[in-house]
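S.K.: Here you go, one structure.
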Amino acid sequence: MKSAVTTVLTVADAAGRFPSMSDIEAVKGSLDRAAARMEAAEKLAAGIDKVTADAVDAVYGKGSYDQANKDKCSRDIHHYLRLINYCLVTGGTGPLDEWGIAGMREVIRVQVLPTAAYIEAFTHIRERVCVPRDMSQQAAAEFKGLLDYLINALA
């Protein structure tokens, strides 16, 4: 699984060199943000079911949409939030890249789920994060950054 540390080391190894000062600074920056990422991961893990349900309600409302589509959307949102949680823990986008984004478009297409619904759901989640009610400013920035990364991948 890719993390900030493994990414830097892999790039340096591929270039046949030791990590440069800028590589080391990138790793240091990731480690400096670790406490905020752990806070965000904890808060997300504690409320993942509520966050998922809130996002599905924001997309589908209480209307008479096909329950099967709502269930698929809920399952997928929950899955991607778990991947974001893993990213918060590892300090890199590896879990999303490796287990989420690579085949995401094909799965959504095959299941006839509109990409726009996912974008709307993750945008809703990003906009609903409240500082300091939900988490600190720095933890929210880490979480929102990963949501933006996922939203951009879906767009």
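What follows draws every value from the coordinates through simple rules; no lab data is involved. All of these numbers come straight from a predicted model, not from anything done at the bench. All Cβ positions, even for glycine, are placed from backbone atoms using ideal geometry, and neighbour counts span all protein chains on display.
S.K.: So for the chain, averaging the separation of alpha carbon pairs under 8 Å that are six or more residues apart and normalising by length, what relative contact order in percent results?
M.R.: Details: 139 pairs, mean separation 49.2, N = 155.
Dividing the mean separation by the residue count of the chain yields 32 percent.
S.K.: Right, here's the next one. Less than 13 Å Cβ to Cβ from ALA68, Lys/Arg counted +1 and Asp/Glu -1: what total charge do the surrounding residues give?
M.R.: On the way: positive: LYS70, LYS72, ARG75; negative: ASP66, ASP71, ASP76.
Charge balance in the 13 Å sphere: 0.
S.K.: Taking the Cβ of each residue in ARG37, ARG133, ARG126, ARG17 as the centre, tally the other Cβ atoms inside 10 Å and list the residues starting with the fewest.
M.R.: Details: ARG37 23, ARG133 6, ARG126 18, ARG17 10.
Going from least to most buried by this count: ARG133, ARG17, ARG126, ARG37.
S.K.: Another question, if that's okay. Run the simple label-point estimate for ASP49 and ALA12 please: 7 Å along Cα→C-beta, distance reported in nm.
M.R.: Reported label-point gap for ASP49 and ALA12 is 4.4 nm.
S.K.: Here is a further query. By counting other Cβ atoms within 10 Å of each Cβ, how are SER74, SER136, SER22 ranked from fewest to most? Could the numbers behind the result be given before it?
M.R.: Numbers: SER74 19, SER136 15, SER22 8.
Fewest to most other Cβ atoms nearby, the residues stand as SER22, SER136, SER74.
S.K.: Okay, moving on. Provide MET104, MET38 in ascending order of the number of other Cβ atoms located within 10 Å of each residue's Cβ, fewest first.
M.R.: On the way: MET104 19, MET38 15.
Ascending number of Cβ neighbours within 10 Å: MET38, MET104.
S.K.: Fully extended, how many nm does the chain gain between ARG128 and ASP66 (0.36 nm per residue separation, minus their Cα-Cα distance)?
M.R.: Details: separation 62, 0.36 × 62 = 22.32 nm, distance 2.53 nm.
Computed gain between ARG128 and ASP66 is 19.8 nm.
S.K.: Based on DSSP H runs of at least 4 residues, each adding -39500 (n - 2.57), what is the mean residue ellipticity at 222 nm of the chain after dividing by all its residues, to the nearest 500 deg cm²/dmol? Numbers along the way, then the final one.
M.R.: Numbers: 7 runs with 115 residues, N = 155.
Value at 222 nm, helices only: -24500 deg cm²/dmol.
S.K.: What is the dipole size for the chain, taken about its Cα centre, with +1 at each Lys and Arg Cβ and -1 at each Asp and Glu Cβ, in debye to the nearest 20?
M.R.: 140 debye
S.K.: How much length would be gained if the chain were fully extended between ILE24 and HIS79, taking 0.36 nm per residue of separation minus their Cα-Cα distance, in nm to one decimal?
M.R.: Details: separation 55, 0.36 × 55 = 19.80 nm, distance 3.21 nm.
The span from ILE24 to HIS79 would gain 16.6 nm if fully extended.
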